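Okay, so here's the structure we're looking at.
The values are calculated or read from the model by the stated rules, or taken from the named source; none is laboratory data. Note that the coordinates shown come from a computational prediction; the quantities given were computed from them, not determined experimentally. Every residue, glycine among them, receives a Cβ derived from its backbone with ideal geometry; neighbour counts consider all protein chains shown. These area figures cover heavy atoms from the full protein model, side chains too; ligands, DNA and RNA do not enter into them. Shrake-Rupley method; radii C 1.70, N 1.55, O 1.52, S 1.80 Å.
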Amino acid sequence: MTNKVLIAPSILSADFTRLGEQVAAAEAAGADRIHVDVMDGRFVPNITMGPLVVAAVRRVTALPLDVHLMIVEPERYVEAFAEAGTNWLTIHEEASPHLHRTLQLIRGLGMKAGVALNPHTPPVVLDYVWDLLDQVLVMTVNPGFGAQRFLPETLAKISAVRQGGTARGLAVDVQVDGGIDPSTASRVVAAGANVLVAGNAIFASPLGIAGSIQAIRAAAEGA
Ligand code: DX5
Ligand code: ZN
């Protein structure tokens with residue numbers, strides 16, 4: 001990997017009573033994006049946050065906001081997330097029968113567009129949308145909750161997605177999300193990931209926010 005590895009702390013594991021402070025601490029510690037996990041209780045069993053929280057985070061950081069929609073009918077909310085200050089908007093392939101159109105909509109509103117793949121979803125579903133993609137999110141757990149165990153069977157898919165982008169001459173980010181910590185960071189980067197999302201390993205780490213970001217970065221750069 002010649003590109004720098006980017007770290008995107010997921011605020012799902014943050015202390016919501018101190019969200020602004022924790023986002024500022026992540027930015028000061030060198031985080032590259034802030035990842036926001038939006039869940040609707042339908043696509044995934046959990047319910048989390050929406051555009052209101054994205055707009056609040058927008059006011060406390062200059063970092064790009066990387067919003068991961070785990071919701072059905074994501075096309076209905078693309079505009080609201082754009083207005084809230086989203087920079088990167090990622091939707092699930094499994095939740096979007098009109099994926100091509102929704103990616104066009106995301107880019108048309110000036111955001112970077114991403115597609116997320118659940119652990120069972122093969123990368124072949126990307127074959128006819130590669131030109132509309134800025135990012136592919138390879139889920140390394142089943143979406144819905146933080147602090148789950150990394151699924152090693154996703155490593156081959158990370159490599160396949162990286163190869164898919166390279167073979168087409170595209171500079172697409174390959175993001176991984178779920179169970180990322182210093183030990184799994186080196187494995188996913190070796191497989192081809194360049195954007196690492198981490199929630200529990202940053203906001204619940206005994207190393208603290210800055211120490212854990214440094215530890216993940218050191219592991220990733222040693223890969
Ligand atoms: C899972 C979310 C993740 C999650 C990652 O559904 O998409 O972003 O917060 O959490 P950790 O890093 O705690 O596994
Ligand atoms: Zn996520």
### Query
Over the heavy atoms of HIS120, what accessible area does a 1.4 Å probe trace out, to the nearest 10 Å²?
140 Å²
### Query
Going from most exposed to least, what order do PHE145, PHE81, PHE43 have by accessible area with a 1.4 Å probe?
PHE145, PHE43, PHE81
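Over the chain, what number does the Rg to Rh ratio reach, with both radii from the alpha-carbon atoms and Rh per Kirkwood? Mind dumping the intermediate values first?
Details: Rg = 15.8 Å, Rh = 17.0 Å.
Answer for the chain: 0.93.
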### Message
Please list log₁₀ I(q)/I(0) at q = 0.14, 0.21, 0.29 Å⁻¹ for the stretch 18-75, using the Debye equation with identical point scatterers on the alpha-carbon positions.
### Response
-0.41, -0.80, -1.16
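Hey, got the dipole for the chain? About the Cα centre, +1 on K and R Cβ, -1 on D and E Cβ, debye to the nearest 20?
260 debye
Mean residue ellipticity at 222 nm from the helices of the chain, using -39,500 (n - 2.57) per DSSP H segment of n ≥ 4 over the full residue count, to the nearest 500 deg cm²/dmol?
Details: 8 runs with 75 residues, N = 223.
Calculated mean residue ellipticity at 222 nm is -9500 deg cm²/dmol.
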### Summary
GNM on the chain, Cα springs under 10 Å; top mean-square fluctuation among ASN142, ASN118, ASN46 goes to ASN46
## Note on the structure
Checking VAL54, VAL124, VAL141 against a Gaussian network model of the chain (alpha-carbon springs below 10 Å), the top fluctuating residue turns out to be VAL124
### Task
Would you look at the GNM of the chain, springs on alpha carbons closer than 10 Å, and say which of ARG149, ARG162, ARG187 moves the most?
ARG149
### Query
Binning every alpha carbon pair distance of the stretch 146-223 at 10 Å from zero, what are the percents per bin?
20, 49, 25, 5, 0
